[in-house]
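The values are calculated or read from the model by the stated rules, or taken from the named source; none is laboratory data. A quick note: this is a predicted structure, and the numbers were derived from the prediction, not measured. What goes into the accessible areas is simple: the full protein's heavy atoms, side chains included, and nothing from ligands, DNA or RNA. Shrake-Rupley method; radii C 1.70, N 1.55, O 1.52, S 1.80 Å.
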Amino acid sequence: MTTQTHTIPPQSGRGFHLKAGETIKIIDPEGQQVSDMWAIVPDDPIDWLSVSQTRDINERLFPAVGESFFSVRGQKILTLVEDQSPGPHDMLFPACNRALYEREGLHDHPNCHDNFMSVLDSEGIEIPSVPDPVNFFQNSTPQPDGRLEVLASRNPPGGYVVLRAETDLLIVLTACSVDFHPTNGSQCTAIEVQLL
Ligand SMILES: [Zn+2]
């Protein structure tokens, strides 16, 4: 079996085509780097990973190893087969976006929302809105009093997850662009991807 390794440079995004049964390994080489993920089913009609359907069907905030991610239409499209990170992962926050940075006084800042849109444009795929992503390695578990706070990622260098496609998919991944908050350990680094 050959393994292809790809690097997503800091504050950027990339798309990967997977056939049903293929697996993808998402690695954080330097640690504390969040990676946003979307999964698009590029059939007609187009379908995509829904974090709300996934929370509902699994009855938990994030799938456990062996559980799956589900699409808007309730189809099982991706399974978490291995998690070699301390977590947690997030399925409550949107992708970072232009407005978030503008609230911090930062204009024309790179962001995961736009990086996702650029990949979809290059693939010639249009969907009606930007779905909320899966935020791997993002430390934002709800607090006991209900507050939602993003803390510094706990992922160590080399922490990774492995996912198996249950149908043909376009996976879009980013190396998150937040460089001022503790989110990514206050430093944006690369994400490495292996298609197995
Ligand atoms: Zn981001």
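Tabulated values for the structure
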quantity	calculated
Separation of alpha-carbon centers, the range 134-161 and the range 24-43, rounded to whole Å	14
For the chain, the fraction of alpha-carbon pairs in successive 10 Å shells from zero, as %	9, 39, 39, 12, 1
Taking the chain and dividing mean pair separation by its residue count, relative contact order in percent (alpha carbons under 8 Å, at least six apart)	45
Prolate/oblate/rounded label for the range 69-166 (Cα gyration tensor, a/c 1.5)	oblate
Area accessible to solvent at residue 127, 1.4 Å probe radius, in Å²	30
Computed over the range 125-196, Kirkwood Rh from alpha-carbon pairs, angstrom	14.7
Karplus-derived 3J(HN,Hα), 6.51/-1.76/1.60, for each residue of the range 143-154, Hz, glycine and proline x	7, x, 8, x, 5, 10, 10, 8, 9, 4, 4, 9
